[in-house]
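The values are calculated or read from the model by the stated rules, or taken from the named source; none is laboratory data. On a predicted model such as this, the values are computed, not experimentally measured, just so you know. Glycine gets a Cβ as well: all are built from the backbone with ideal geometry, and neighbour counts include every protein chain shown. Remember, those area values only see protein heavy atoms, side chains included, never the ligands or the DNA or RNA. Shrake-Rupley method; radii C 1.70, N 1.55, O 1.52, S 1.80 Å.
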Amino acid sequence: MAKNDLKEKSDEDLMEMYKLGDVIAFEVLFERHSGLVFGYLKKRLSKAKNAQDLLQEVFLKLHRSRHQYDRTLPFSPWLFSITRSVWLDCVKKKNVEHATEPEVIEDMTNHKQMMEAVTSGLDIEVLNQLPATQKEAISLRVIDEATFDEIAFKLSTSPENARKLVSRGLKKLRDILGFREE
Amino acid sequence: MKTDKEAWLKEYTEFVKSDGATVPTEIFMSLKSRLFPNPWIVFGKILGIHSVVGFLSLGICNQFGLNPFGTEHSLMNWFMRVGGHNFCMLACGIFFMTTTYLISNVMLGLEELETIRRYGWLQTGVLGLVSLAAFYFFGADLVATFAGLWILGAFIGAFAAIEGSYRLRRQWA
């Protein structure tokens, strides 16, 4: 069947054809959905190259799981679940690699000392002086030891913005507590 | 704190309502070559594996009396004792092709195995005939009936090995 004829078909029909080995059906599905998947990943990763790699991983996973697809269920949530699981796997993997870097451990220790000063002094009110998103970003970074990608994911923002939230929050805390940067 | 389900739904809504991003064309080309490898390249790899594995397998099971390693014991003798000459030819064909496809299963990617599966009959036919030609070249005495049984065995072994190993690999993918 020609590509133009397939463009009229539903995602579910295309998946059925793809399961039977129709490569053109895969091409149409890719054209239809790759932009959404790429946009979702790009928003959550600081480097475009990583988003491109993950986009390929998503469609590779889709390819390998195509026989498990149930035609009676809509295609879009299924694709989204694959996209999200690939993204979460990437975050977990990054977390493990990131946590072993010495400068990160040192950085976290410095932040922890300040947080301990806040919490041990029963001065929780100090934290409450921060805007809600900054407070949550700092808690995730310092207490849960989350990466910026992970914070961005939890706060539904970009990693760049997550970094800014943590940095601004810590600066404000330093000012409030009278800590000096070394 | 949002539950996982709520977070999933929120992100899914954002996902379907977004305008998306422009995907560079080279991504699709690279993905396509990964998911649907060129059958000729895959056949070249299989041919390479078959040349080495097939030659080494002669040490365990002589084909048409060819015994380059001079081994004393051969599966061929056992096959002859168990089922006679016809059975021996069939079993030798099965063994010869099964070993190639089982080793290929370890060395090639899942998508390459899918390509082999798609063109399995053709590839096995070509490999079988090339092997018979090689045996003849190295001095084997080929008789049409026996060669026919050997080819039949090669097809049976290839089909079983390709299907079995592909299904196993897909379970773990």
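Here are a few things to note about the model shown:
Per-residue answers, yes or no, for (1) loosely packed, with under 13 Cβ neighbours inside 10 Å; (2) touching a helix residue (DSSP H, G or I) at 6+ places or on another chain (Cβ under 9 Å); (3) modelled with pLDDT under 80:
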position	(1), (2), (3)
A:GLU106	yes, no, yes
A:LYS112	no, yes, yes
A:GLU116	yes, no, yes
A:LEU130	no, yes, no
A:PHE148	no, yes, no
A:LEU155	no, yes, no
A:SER158	no, yes, no
A:ASN161	no, yes, no
A:GLY178	yes, no, yes
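- Identification of helices (runs of 4 or more DSSP H) wholly contained in the range A:1-80 with 1 or more residues that are among the acidic types (Asp, Glu), open to solvent by less than 70 Å² (accessible area, probe 1.4 Å) and free of Cβ contacts under 8 Å to residues at least 60 places away in the same chain yields A:11-19, A:23-44, A:48-65.
- Qualifying residue in the range B:33-56 (condition: free of Cβ contacts under 8 Å to residues at least 40 places away in the same chain, open to solvent by less than 40 Å² (accessible area, probe 1.4 Å) and polar (S, T, N, Q)): no
- Any chance A:LEU20 is away from every other protein chain (no Cβ under 11 Å), within 29 Å of the chain's Cα centre (by Cα) and not charged (D, E, K, R): no
- Long-range neighbours under 9 Å by Cβ, at least six apart or interchain, first residue within 16 Å of B:THR99 (Cα to Cα) and within 14 Å of chain A (Cβ to nearest Cβ) within the range B:161-173, second of a type in the set (Val, Ile, Thr) and surrounded by 18 or more Cβ atoms within 10 Å (Cβ to Cβ): B:TYR166/B:ILE116
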